[in-house]
Each structure stands twice: as structure tokens, then as C-alpha cells.
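Only the coordinates and a few stated rules stand behind these numbers; no lab work does. Keep in mind that what you see is a predicted model, and the values were worked out from it rather than measured. When we count neighbours, we look across all protein chains shown, and the Cβ atoms used for this are built from the backbone with ideal geometry, even at glycine.
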Amino acid sequence: MIPSAFDYAAPATVEEALGLLAAADAAGDDVKVLAGGQSLLPVMKLRMADPSMVVDLGRIAGLNGVTDSGDSLLIGAMTPHHVVATDPLIAQHVPLLAQAAATVADPQVRHRGTFGGALVHADPAGDLPAPVLAAGATFLISGPGGQRSVDAADFFQGYFTTAVEEGEILTGIRVPKYTGWGSHYEKFTRVAQQWSIVAVAALVRVEAGTITEARIGLTNMASTPLRAAAVEAALAGGPATADAIAAAAAHAAEGTDPASDLNGDAAYRAHLAQVLTKRAVLAAVGLQAGA
Amino acid sequence: MTATTERSSAEVGKARLRKEDRHLVTGRSRFTDNMVLPGMLHLAMVRSPYAHAKITAVDTAAAKSSPGVMAVLTGADVAGEQGSLPNAWPITPDQKAPAHGAIAVDEVAFAGEVVAVIVARTAAAARDAVERVDVSYDELPVVMDLEEAFTDKVLAHTSLESNKSATWVFDSAEAGTGSSVQDAIDSAEVLIERTFYQQRLIPAFMEPRSTVVDPTGEQITMWTATQIPHILRLMLALTLGIPESKVRVIAPDVGGGFGGKLQVTPEEVITVLAARHTGKPCKYTETRSESLQAGHHGRAQVQRLKLSAKRDGTVTGLSVNLLADMGAYLGLVTSGIPILGAFMYNSIYKFPAYRFECNNIFTNKTWTDAYRGAGRPEATFAIERLMDELATELNMDPLAVREKNWIRHEEFPFATVAGLEYDTGNYEAATAKAVDLFDYQGMRAEQKRRRDANDPVQLGIGVSTFTEMCGLAPSRVLGSLSYGAGGWEHAQVRVLPTGNIEVVTGSSAHGQGHETAWSQLVADRLGVPFENVEVLHGDTQISQRGLDTYGSRSLTVGGMAVLAAADKVIEKAKVVAAHMMEASEEDIEFSAGSFNVKGTDQSTSLGEIALATFAAHNLPDGFEPNLDSDATFDPSNFSYPHGTHLAAIEVDTETGHVGILKYVCVDDVGVVVNPMLVEGQVHGGLAQGIAQALYEEAVHDDAGTLVTGSFVDYLVPSAPDLPHYITGRTETPATSNQLGAKGVGEAGTIASTPAIVNGVLDAVRHLGVKDIKMPCTPSRVWHALQDAKTTGGVR
Ligand SMILES: Cc1cc2nc3c(=O)[nH]c(=O)nc-3n(C[C@H](O)[C@H](O)[C@H](O)COP(=O)(O)OP(=O)(O)OC[C@H]3O[C@@H](n4cnc5c(N)ncnc54)[C@H](O)[C@@H]3O)c2cc1C
């Protein structure tokens, strides 16, 4: 488990980091950004990635932490999973993210691995993309051409591929507040410490027994996280009852394209999506504790 | 038994904390990979990506000129000296096996086989150079599936004419231990025919294999993460053609084995070759990926079974027909693993007729060999699944079917249809206790409630009773099975001038806690404080004789050698005591560390005798000034632990998820030296057995690549996945050793797998599910439920 030799730089500012990326790119070097290293280092050790240069974002001030900016929260890209899982602002306004982050791996990985790293890594089985997609977050990206922002709907582009281009850095994620909404992340695995076989993120607003809005994100039902649009439509305006929710959840697999692997084939995943969507929404509206 | 009764047992039975843990948990451990020798070089292996191919050329030029590289060795370079890795158990005279060089010379037969080794100044330099070796292969057809391999349509080795290595048969009618199975089947009122699949498993011990070889000095010294320093020393000498006296093997701290380190590995031989070629100490430590891919695997059998019975539940015969996957090569005891199971299919039952046939088959998968339980878990799984199938067929309670057939406690000693003599056992007592701890009736009521309510989470009750043969092994029996060695164990008890004791054992521990248990044994026997006993093992220059640790043999064989040696110390000390106290030897009584003259208050201690012996100023004429004693113990019989395990299993019918609501096991392991060590063995064993039932499976793709090549895909459960175990014990002493101990190293692994699978099926059988292959993953369970809705299918 020894990676190939590589150069290492730990810049102090985003500008410096971008400069290093640009210079390496100009020199034709294969350069990688390092956040928590919990995905990058394993692939380097397995020599599935052989960057000649690694730019560590760990020393850059201001990329780590959660700040309140009115109707949204700004989560720094370098905020570790552990902080996302325990931060009081997140607990108050988007507890969905805290719940999802708490399902990631073990405490060691959660203290090292970062929110931004997990989103740029974009593992289809990763637990943070679907909640962030359901929440309609906005991604703040810095590059040679300055800053740009990308909607969650456009951010996840394919298997391990996002809108972050080579030479760019994700600096933060802006997440709207869902204060007062019900939410739940329902993750299904075979052993306690595992990436999701399928998982469902639900954000539901209920007023006087009626679901006024539902935002459902699916983990590992395609090469990218998906919104369960048909479920959202079926739920909206309907009663927050077990029967109505079960009926709506039956649409969960529509428009999905799940993989088949040792944990289950596509048919099984399609079925799981329905069961887990039902459970996630029931838990979000307080009808049944999630598993 | 007689010897123990008159002795105090302040230590035996005490839940002593493990002596060995202090250094292990404070980071002062000495694992092989911690070894650093001056000028030491590092190895990295070039491995075949193909499961079957001709090696047409190996170009090492670029690797040789890579920075830091000292040597690159290919199969061709060492073909004349590497010999063939040993198989010590030719089960039949006509057993076939391909030559197995540590480095493949012209053909590779599984993906991961070594084709060259890099020797470099640093581990990183060695790893970098791996990519610079250019190996040309001509791919050959692969045969991956065991049943397909049996047809010989594709051959796993071009050097063999068939994939069959050997066929081994036991027939009770021929052996005179029972009647004819065919007759039983022909006249069966009920016939249960099933095929079960024992999936491949990978021994996933904590410490990866690691070897350091120092070729300097008079002898080659090898430190290695092994269970078998003594056997390894002999086998290295035989394989490489060097005198045994020129090889010293040291097993320092070893982090688990489970059979995975009961092997002479290619990498151990290669490290010797590299050290020999460079004249420098060399180290090789496998990565976890290499460990999973190229270290030997376990299980991998197809079991075709026929059980005949009467309608009252009495079993009349059992026929077992096995295909056992050797993988690509025979390891040290690969061929004998199914045979270790052959004597256990009849388990605790009184079948009148039994036939066992096993075909050992080569495939192009990773080689297989011992894995915790070795043959016995497979046997127990098969019979316990069949007993549940019989109960279902006859609409009987699974416990009642078992009781109908088991050997009653008053029937011991009992000669079994497989030819063993069970000395003692009490299946009634263990089962009664388990039923009580489990609240069997209450669970059945809850099961009915959920069925009636059509609860999405159904409840199943899994029953498993078992016995196993432990204490490997009576040497004569091994001889009759054509195993290449005996089954004795050696010990030495040394009395130091201070009266402190050193115990040398040939049974080399790798996590079990021998140092603690042996100290307890000797503290009791010699009447010295536990703290004053030091246990030495795992170095062939300190422990010169031994047959190492596997098959739950350490206490029942190695421990008995320790006691026998301690008894000899007492006999010697009596001579000195008599001399010191001017009494006759016959008048000396020994108890609790002191030697008394009968009927007087005159006494002396072992410590005083030790000092007097060391000084040797005033000893009896002709007395050798030395109390140290050796003993070698060869058991007269196996020991037969048994137990009853009950599992309450929840199946979420919506997702197929399987959960363990309650797990009760009552094990009878005979007399217990340290209940905490026993508890630890039971817990770990259960975890591994449950892992086979629910989680672990080594999967190769059609081309022969291991798909489960990391812990992302090879799912080893961890603490949150396992239930709180409710453990109980009954204690029926064995008569085959003076302590009455039976062995516990494999019990949990053997009993838990069928308990869990029986529980899963009991939860969903009423929904039409007939069988589910292991591991019972949520996806398999769900698909079985879906199929049952349409066809009553099997997954
Ligand atoms: C044992 C283990 C178990 C795990 N289990 C789970 C699980 O159950 N669920 C789950 O979701 N995840 C799991 N993970 C993955 C974990 O969430 C990782 O932390 C995460 O995927 C990557 O985050 P990181 O900060 O470690 O990123 P790194 O590994 O440092 O980087 C990952 C990739 O993203 C790029 N990158 C990182 N940050 C930026 C940035 N700011 N801008 C541009 N590019 C960037 C890197 O160049 C790299 O390509 C597990 C990891 C381990 C080791």
C-alpha cells in the first residue's frame, strides 16, 4: 500500500492553490487537490491514481466551518463530516445533512473526510450528494477565471464526475434553510459500516395534515444522485397519511438507472428505493421512526 | 481425572486477565513487520493478473535498473532451487497434484500467483519497480465453477489430465461400523435430498502475513507471522533441501490466523530465496489486497446429500457426496480438509448407516486450505440443515427430531457410525439449558403472533446442535488417514534458581492466550504464584519440539504435555526434598508448593529445593542437578465438545434484511481453565460463523479476478452487526485427558452458521421459501421471497 512518489504543496490561500494548479497544469503534470484524503489516499495507495503533485487544502483558512447567512447556511468545503453531523446551525435548519453525515463510515473517517471532498468525489453510493441535491444547494467554485456558482441540479454530472473542472476548487456549499420542515435520511446497508446500497433523503413540509412540499433525493439509483420527481409530485398537496405516502413512494424507481453488483441487482435496488422512500417520508412526517 | 482431584485448583477455573494483553494494547508488540535488521532489503511481488496463462517471457531489465533495486528474481531464475511447496496430506496413494513452485515458472493457474519478486533497498522502491517488470502471457481457458471443473471440459492445469485430485470414500458397511446406506435409502419412509453450497471464505486475520529472513550467521533465521513455526521449519528444510538444523523459525507476536497462517506460503520461501541470493536480510509484508487475493481461502464445497428416515423422525441413513474446491494448488493440508469433516456428518446422532464420498477438484481460483473449523463447520451445517428439513417434512419440532436421534448421555462411550469413539457428552443437559435461556416456548408464541398478524418483520427460530472432534490428534489415527506427521505435543517445565518457572510449549499461540492458561495450569500444579510462571513459545531454538496450534488442540494436547512435565518436576524435587529433610522419598507428600514429611511438620518449598539443586552442594549421590523436565503427550482419543445454539432471527420481508434478535449458546467444552478465554473464543467463533451465514463470500468473476478484493466488497462484520450473545455452559469432563478439557477454538464457528440459516428459513418458509444460499444477503432473501410468490423458488 505505497503510493507512487508525488510532490506535495500546502498553500495558505485559495489564490495560491489555484496558482499551483494552473502551473502544474501548464507543465503537463497530473495534479490532484487533497481535502480529507479519505477517498484520494486509498486510490493512490492502490495505484489507481498516480498524481505527480498533490495540493493540500488543509492549511487554507476560511474553508472550514458553518456560517449563518440569513435564509441559507454556508458550509465550507473543508468542513469535516463530524462537524456537519454535530453543528448546531445545521441541526436547527437542515438536520437532514447532519443525519446523513453521521452515517458516513466511522469516527476516524468522519473527522478527516470533508463535506466538500465527498461532494466533489461524487461516489454514486456516497451519502451526501442526495441530501444536498434534495436541499437544492448551490456550489461555490473558484477557478482561474474567478468565482462561479452552480446549482445542485447541474453539479452532479456522472459517475465520479461533477461540475468542478480541472484547475478549479470547490470552496463552499450554500444550503437553503428548511427550518420547521420534517426530514429523514434512510440508508440501507448490509453491515453497519458501508456505503449505501440505496438511501433516500426526504425533506417534507406539512401544514395542517397536508404535505405542502416534498423534496426527495435518491442515493445510488444511478450514476448520479437523483430527485424522485414523481414521488414529490404525488406527495404534494396530499394528506400526510401512511396510505398516501405508501402510494406516492411506489413511484420512487421511476426514471432511475441503478447498477447491479454484489449487494443487489437493479430490480432489487428499484424495489428498495420504494420501501426506503416510504420509510423516509413516514419518518420525516413523524408517522414512524426511521430504521 | 484421578490426578486432579487431590490437587488444589486455585487457578484453574479463574477468569484471569490475559497476561499477553498489556504489551499488545500498549503498542509494545513485536509483530514481524516491526522487525528492522541492519542492511535489510524489502520485497515486492509481481503477480499474475490472469487466472490461467502460459508465461512466454519475463523482461526484468527495466526493473533491475530501477532506483534502489538490488535484484529481480523470476521463476526461471530459481527453478532449480525453489522445490515445490509441500502438501503433507496425500489422502489417497494416487492423489494428483501439480508442481507448485513459489514463483511460477511457465504457467500460472490463479490470478495473484507470483511471477517475479523485486528486492530493493526500500519497500517503496520495490513497489515502484513492480510496474517495470514486463511479463508476456498467452492466456489459457479458465475453469472457475466447481461443478463445471468436475466435468473436465476445461483443465485448470495443462500438466494434469483431469481436474480431479483424489476421491476419498468412507462407507460404514465396508468399515464395519454400520450398515448399507443404499439399503436405508431404498427402504426409506422419508427421503430428504438436498444440495448445499459452502461459499468461499477468506481468513481475514488482523495482522497481514509478514516474513523477515536473516541469512547471515550459521543458520538462516526466519521471523514470520505463522501458526506453525515447527512444521514450517521442517517443511522449509525439505522444500529447499537444507538441513533442518540450519533453519531457525521464530513466530513473534502473531495477530490471528484462523487457519490462514497454517501454511507454508510461497512468500516465505521466496523471502528465503531473496535473502540467499542477496546475502542480506529481507522482509516481505503482504498488503491486505494481496492477503485477500493470494493467501489461501477456505470452505468452497458443494454438498450433495441424502437423508433417509422413518416417519417417526428416526434417521436411518445419510449419504454425503462432496465436491471440494482445492483452488489451483494443494497447500499444506488442503486435501485433508474435507476428510476432517467426514467423521462429523453423523454429529451427535445414532445413524445406523453412513456413506461419505469426496472428490477433490482443481479450479483456477485462489488455492484453499484450513479455515477455522476446517471441514467440521461444513459437516455440521449440512446435517443441521437436513435435520430441520426433516422436521419440516414431518411437521415436527426441530428440537424433537434431534432428540429422537441423538446419543443419550447414558449411552457413552459411544462408537459412532463414522468410526470414532465419543467418550462423554450430555446433549440433553446442554439443550435443556439453552431452551431455558432462550425462552423457546415464548419465542415460538411470538413467532406465531407475527405470522398471524402478517407482520412485515417475521421471526424465525434457528436450532443447531453439534459436536466436533478436537485435540488433533492421536498420532496413530493421523497415520491411518495418511497425514504426514503425528499429533503429539511437547512441553518443558524449567525451574530457575529463584524458584520461578519457565514453561516452554510447542503449541505456538497467535492470540489465544496460551501464556495465561499455561501459567494457570502450572501455578496450580506446582503451587507457585501465577505471576512467577513465564511461558515461552514460538521460537524453534527455544521450543525445540512441537506441532503448533490449530484444530483446538492446544489445551487438550499441549496443555497436557505441560502438566506431564510439571509432574516430572515434582517427582525430581521429591528426591531432593527427601535428601534435604533426611526422610525417605516415599514419605514426601507434595501439596500447594510445599513438600512435607508425612506425619511431621517438617516441610520445604519448591523454591528452596530449586536453590539447593542449582547450588548442587548437597544433593543425593548420582542426582543430576537439574529439576527441568520434558514431556511429550500423544492423546489416546480426540475430545468431543458439543453444544446447543438457538437463534431468534428477524427477517424484514420488505427489504430482505436479516437481523439477530437473540442468540443463545450453551457449549460443553469440558473442564474450563479460564472462563474468560473460553468466552472470548466463543464470541469470536460466533462472529465468524455468523459471518459465513450472512456476510462473507469470496467472489471471482468469470475471467478469474477476485471481485471481493478489498474490505469494501469482502464484508467482514464488526461489533454493531453482531448481537449480544447469551452464553451458557454445561461441563461434562472428557476422559481422554487428565484435566477433562475438550477444546473451544472452533465451537462457535461450527454451530452458529446453521443456527442462523435455519432461523432465516424458519422465518420465511411459511411464505414458500425453500432454501437460500449463503451468505443470506438481503438481496438473496428478497429475491427468494419474490420467487416464492410465483414459483416457490430457491435462491
Ligand atoms: C473506510 C471508509 C468508509 C467510508 N464510508 C463512507 C460512507 O459510508 N458514506 C460516504 O458517503 N462516504 C464514505 N467514505 C468516503 C468519505 O465520505 C470521504 O471522506 C469522502 O468521499 C471524500 O472526502 P475527503 O475530504 O476525504 O476527500 P479527498 O479524499 O481528499 O478527495 C476526494 C476527491 O475530491 C477532490 N476534492 C476534494 N476536495 C475538493 C475541493 N474542495 N475542490 C476540488 N476538488 C476536491 C480530490 O481531488 C479527490 O479527487 C468512506 C471512506 C472511508 C475511508
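Points worth noting:
- Projected label distance in nm at B:H617 and B:Q544, using a 7 Å step from Cα toward the beta-carbon: 3.1 nm
- Net charge of Cβ neighbours under 15 Å - reference A:L133; Lys, Arg +1; Asp, Glu -1: -2
- Farthest towards the positive end of the charge dipole of the protein assembly as shown, among the residues B:Q681, B:V769, B:I103, is the Cα of B:V769, using unit charges on the Cβ of Lys, Arg, Asp and Glu.
- Taking chain A as a Gaussian network of alpha-carbon nodes connected by springs under 10 Å, the highest mean-square fluctuation of the residues A:P176, A:P144, A:P131 belongs to A:P144.
- Using R0 = 56 Å, the C-beta based FRET efficiency linking A:S69 and B:Y197 works out to 0.45.
- Loop trypsin sites (Lys or Arg not before Pro), segment B:107-173, which have at most 13 other Cβ atoms in a 10 Å radius of their Cβ (DSSP): B:K153
- When you restrict to C-alpha pairs under 8 Å that are six or more residues apart and normalise by the size of segment B:692-793, the relative contact order lands at 28 percent.
- Averaged over the residues of peptide A:182-195, the number of Cβ atoms from other protein chains lying within 10 Å of each residue's Cβ is 3.
- Estimated from helices alone, the mean residue ellipticity of chain B at 222 nm is -8500 deg cm²/dmol (sum of -39500 (n - 2.57) over DSSP H runs with n ≥ 4, per residue).
- Counting Cβ atoms of other protein chains within 10 Å of each Cβ in A:263-275 and taking the mean gives 4.
- Placing +1 on the Cβ of every Lys and Arg and -1 on the Cβ of every Asp and Glu, with nothing else charged, gives segment A:1-89 a dipole about its Cα centre of roughly 360 debye.
- FRET efficiency, B:V457 to A:D25 (Cβ-Cβ, R0 56 Å, nearest 0.05): 0.55
- Here segment A:183-284 is treated with +1 on each Lys and Arg Cβ and -1 on each Asp and Glu Cβ, and its dipole about the Cα centre works out to around 220 debye.
- Basic side chains Lys and Arg get +1 at the Cβ, acidic Asp and Glu get -1 at the Cβ, and with that the dipole of segment B:134-200 about its Cα centre reaches some 160 debye.
- Inter-centroid distance (Cα atoms) of segment A:123-172 relative to segment A:2-62, Å: 18 Å
- Part-to-part distance (alpha-carbon centres) for segment B:52-119 and segment B:559-633, which is given in Å: 56 Å
- Take the Cβ atoms of B:K153 and B:A175, set R0 to 35 Å, and the FRET efficiency comes out at 0.55.
- Two tests apply to each whole DSSP H helix in chain B, Cα reach of 15 Å or more along its axis and mean Kyte-Doolittle hydropathy of at least 0.5, and the ones passing both are B:229-240, B:560-580, B:675-694, B:747-764.
- Of B:K662/B:K773; B:K310/B:K773; B:K310/B:K770; B:K54/B:K96, pairs whose Cα-Cα distance is over 24 Å: B:K310/B:K773
- Residue order, fewest to most beta carbons within 10 Å, for B:I228, B:I407: B:I407, B:I228
- Projecting the Cα positions of B:I501, B:T604, B:S464 onto the charge dipole of chain B (unit charges on Cβ atoms of Lys, Arg, Asp and Glu, taken about the Cα centre) puts B:S464 furthest along the positive direction.
- Three-way shape label, chain B, alpha-carbon gyration tensor, a/c 1.5: oblate
- Shown for B:S165, B:S594: other C-beta atoms within 10 Å of each C-beta, ranked fewest to most, produce the order B:S594, B:S165.
- Note on segment B:232-293 and segment B:743-772: Cα centroid distance 38 Å, given to the nearest whole angstrom.
- Shape call, segment B:494-579: gyration tensor on alpha carbons, a/c limit 1.5: prolate
- Among the trypsin sites (Lys or Arg not before Pro) within segment B:298-371, those in coil by DSSP and having at most 14 neighbouring Cβ atoms inside 10 Å are B:K310, B:R311.
- Residues B:E534, B:E489, arranged from fewest to most other Cβ atoms within 10 angstrom of their Cβ, appear as B:E534, B:E489.
- Computed over chain A: relative contact order in percent, which uses C-alpha pairs under 8 Å that are six or more apart: 15 percent
- With N the number of residues in segment A:7-56, Rg(Cα) / (2.2 N^0.38 Å) evaluates to 1.11.
- Charge context of A:H82, other residues only, Cβ under 11 angstrom, K/R +1, D/E -1: 0
- Distance between the modelled labels on B:D701 and B:S187, one decimal in nanometres: 5.6 nm (7 Å Cα→Cβ projection).
- Measuring how big the protein assembly as shown is from its alpha-carbon positions, Rg and Dmax come out at 32.0, 106 Å.
- Axis angle, to the nearest 10 degrees, between helix A:14-26 and the longest C-alpha principal axis of chain A: 70 degrees.
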